[in-house]
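Structure first, commentary second.
The values are calculated or read from the model by the stated rules, or taken from the named source; none is laboratory data. None of the values given here were measured: they were computed from a predicted structure. Heavy atoms of the whole protein, side chains included, go into the accessibility calculation; ligands, DNA and RNA do not. Shrake-Rupley method; radii C 1.70, N 1.55, O 1.52, S 1.80 Å.
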Amino acid sequence: MGKYQFTHSWRLQTTAQAVWERISDFEAIEDWEGVTFQKVYHHGHPHGVGDHYRMHIRTRFGYRLAFQFSIVEKQECALIRLEATGDLHGYGIFRLEQCGDCTVLHYYWEVQTTKPWMKWCEPWLRPFFIWNHNQVIYRGIQGLTQHLELQLP
């Protein structure tokens, strides 16, 4: 109970390099409505592996989530894998594929809620939590496409 798995994919009319430059620098992401990032630990690895960030999410339903994530793997223009702890506990994977003149951005997110009220209400509110997750992700892809001056897929 309280465990969620999400898979999203978007086909973007741009290069993997352009997408990578935007999604790999979390602190520079300012166009994701309702979401903020703050680096809390710099590991010193040249590609950011081992860095820790704090992420705050303001949801459409008015509740907030805060969690810390660490970068556990990064492959230039191809992959970012992170582990999360806090209000959400689990992991996420961003994977990029260059397909001709497009880039397919895949995102997999597997987490458990840890807030007591969310765990308690989960049997009744699960559909709303899923809807809310999809709204947060939609705002993220909307911000990314606006930043890259692309049409929303």
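Computed from these coordinates, which is volume of the Cα convex hull per residue in Å³: (i) 100; (ii) 132; (iii) 223?
Computing volume of the Cα convex hull per residue in Å³ and matching it to (i) 100; (ii) 132; (iii) 223 gives (i).
Can you send over the carbon and sulfur percentage of the accessible area for segment 1-41, probe radius 1.4 Å, protein chains only?
Carbon with sulfur: 44 percent of the solvent-accessible area.
Just to confirm, what accessible area per residue do you get for segment 1-46 at 1.4 Å probe, in whole Å²? Don't skip to the answer; put the middle values down first.
Details: 2830 Å² over 46 residues.
Accessible surface, normalised per residue, equals 62 Å².
Where the centre of each part is set by its Cα atoms, how far does segment 17-33 sit from segment 67-130, in angstrom?
The two parts, judged by their Cα centres, are 16 Å apart.
At 0.36 nm per residue, and after removing the present C-alpha to C-alpha distance, how many nm does the segment from residue 6 to residue 49 gain when stretched out fully?
Taking residue 6 through residue 49 to full extension adds about 13.1 nm, to one decimal.
With axes computed from alpha carbons, what is the tilt in degrees of helix 116-147 against the longest principal axis of the chain, rounded to the nearest 10 within 0 to 90?
20 degrees
Less than 16 Å apart at the alpha-carbon level, and either on another chain or at least 8 residues along: which aspartates and glutamates does that give for residue 3?
The reachable aspartates and glutamates, counting only those whose Cα sits under 16 Å from residue 3, are 83, 87, 110, 122.
So for the chain, averaging the separation of alpha carbon pairs under 8 Å that are six or more residues apart and normalising by length, what relative contact order in percent results?
Over the chain, the number comes to 28 percent.
What is segment 1-62 by shape, rounded, prolate or oblate, if you read a ≥ b ≥ c off the alpha carbon gyration tensor as root eigenvalues and call it rounded for a/c under 1.5, prolate for a/b larger than b/c, and oblate otherwise?
Oblate, because a/c is 1.5 or more while a/b does not exceed b/c.
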